[in-house]
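Read through the structure below, which is laid out as structure tokens, and then see the notes.
The values are calculated or read from the model by the stated rules, or taken from the named source; none is laboratory data. The structure displayed is predicted, hence computed values, not measured ones. Note that we place each Cβ from the backbone using ideal geometry, even for glycine, and neighbour counts take in every protein chain shown. In case anyone asks, the SASA skips ligands and DNA or RNA and just uses the protein heavy atoms, side chains included. Shrake-Rupley method; radii C 1.70, N 1.55, O 1.52, S 1.80 Å.
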Amino acid sequence: MTSMQIGSENLVTIAQSTAIAARKLGGLSTEAKNQAIEAVAQSLQSAAAEIVAANAKDCEFAQADGISTPLYNRLKMDRTKLEATIAGVRDVGKLPDPVGEIQLHRELDEGLILKRVSAPLGVVAVIFEARPEAAIQISALAIKSGNGVILKGGKEANHSCAAIVKAIRQGLAQTEVDPDVVQLLTTREETLALLKLDDFVDLIVPRGSNEFVRFVQDNTRIPVLGHAEGICHLYVDASADIEKAVTIAVDSKTQYPAACNAIETLLVHEAVAPEFLPQVAAALQGRQVQLRLDQKSQDILKNSPNLKDWEPATEEDWKTEYTDLILSIKVVHFLEEAISHINTYGSGHTDAIVTEEQSTADLFLSQVASAGVFHNCSTRFADGFRYGFGAEVGISTQKMPPRGPVGLEGLVTYKYQLVGNGQVVATYSGPEAKPFIHRNLA
């Protein structure tokens, strides 16, 4: 019996079965978990044709419903994209096991030993946008970290996610891992009911707009790890290498504009703007990027023969995530103005500076209040796979950890284990109290 066959009125049953399966998974060896991950990869490969066909159906329906181009690009999963995602599953299997790590080993007194040991969270619910590969990545991370996972994808990806979860569960059925560690919900009603299941769900990860994340936070008692929109910036400083800055700007915007780590605003120091802006505008418009220009950018570019597709920038542009080939540009007087703009309008995702002056870079890296702050490289590097995490549950833009791309380490907690031989607290209290040793052990 899978969650696809169950109505939302029985969601408690789904959550209970996931919690039970997760407890069993949490006690399995690293080898057993890695075998399960490999079985999942093989099952996904065997079901590749079915998954790609299901995705084609989703894409057809989504186009008929008038889906936006950025969302369509996120939804589409061809064989190449699927194979790359399956390779990512195997990468997760190669990572160190995050469970059972001894973080603290201390002798409180002779024969009284304290350990702090990493442990699974339990059941994680992830509500994500129309990116079917996210279901694969999240499931692999959940298995490796010993957690159960309840998935809810965007409605546009229902057929894709159903085919993916079916293959994952079939793979797990051949291993020691109970297939009920991975469940799929398909309706909005189930999502709303899920928010009330604080007895069974230990963490909710909503991936979407700021408004959606706030809605989840306001309607549940379950801890929420917010993965909101990405309004990312690139600041080109007065001491920037122009050629380097143009290359980084083009990659940060156009390599995959639908990604949450693509830049939406380009900030340019006024000292370098007359030389830099004509070059970057030509490069961007050669990639079909529409520009939104502030007044100073317009004044510099008004006689540029390459400037064709542009509009005046408004206040709304500074707070907009386009996820498309659109970029707003603002000229600033100095570094501090750029930092202030980013901290005012940014979403705390990823922001970068291009400069050859180390002290300027250091100030930017320390004062920009984002999860990722980069120097002389593209914002598109903000990704769990590129960081070596194998995959990611999502990007956390909150300031409390985990922060940035959330991989395995963000899906474990820890517990304190104390082992003694009959000791009682009374021995260490009162005028004749015995002192503690508090000696750290290897």
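Screening I150, I136, I113 for residues that are open to solvent by 10 Å² or more (accessible area, probe 1.4 Å), of a type in the set (A, V, I, L, M) and outside any loop (DSSP other than H, G, I, E, B) leaves exactly one candidate, I113. Can you tell me which residues in the range 204-235 are under 11 Å from the mean Cα position of the chain (by Cα) and either assigned to a loop (DSSP other than H, G, I, E, B) or under 26 Å from H341 (Cα atoms) (or both)? Result: R207, G208, L225, G226, H227, A228, E229, G230.
Residues that are under 24 Å from L71 (Cα atoms) and of a type in the set (K, R) were ranked within the range 290-332; the one that is most open to solvent (accessible area, probe 1.4 Å) is K319. Within the range 421-438, residues that are loosely packed, with under 10 Cβ neighbours inside 10 Å have Cβ atoms under 8 Å from residues that are of a type outside the set (A, V, I, L, M, F, W, C) in these pairs: N421/G111; P435/Y428, counting only partners at least 6 apart in sequence or on another chain. Just give me the residues in the range 421-436 being modelled with pLDDT of 95 or more and on the phi > 0 side of the Ramachandran plot, in sequence order. Residue satisfying the conditions is G422 alone.
For every residue, the table says whether it meets (1) under 20 Å from A273 (Cβ atoms); (2) part of a helix (DSSP H, G or I); (3) in contact (Cβ under 8 Å) with a residue 60 or more places away in the chain; (4) among the aliphatic types (A, V, I, L, M).
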position	(1), (2), (3), (4)
K296	yes, yes, no, no
L307	yes, no, no, yes
D324	no, no, yes, no
F374	no, no, no, no
F385	no, no, yes, no
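Of all residues in the range 340-351, which are more than 10 Å from L267 (Cα to Cα) and either of a type in the set (A, V, I, L, M) or surrounded by 18 or more Cβ atoms within 10 Å (Cβ to Cβ) (or both)? Walk me through it before giving the result.
In the first step, residues of the range 340-351 are kept if they are more than 10 Å from L267 (Cα to Cα); the result is 340, 343-351.
Hits for the range 340-351 are Y345, G346, S347, G348, H349, T350, D351.
Taking the range 153-191 as the range and being closer than 27 Å to K76 by Cβ and part of a loop (DSSP other than H, G, I, E, B) as the test, the residues that pass are G153, G154, T186, T187.
Scanning the range 68-110 for residues being under 19 Å from the mean Cα position of the chain (by Cα), of a type in the set (A, V, I, L, M, F, W, C) and surrounded by 15 or more Cβ atoms within 10 Å (Cβ to Cβ) gives a total of 8.
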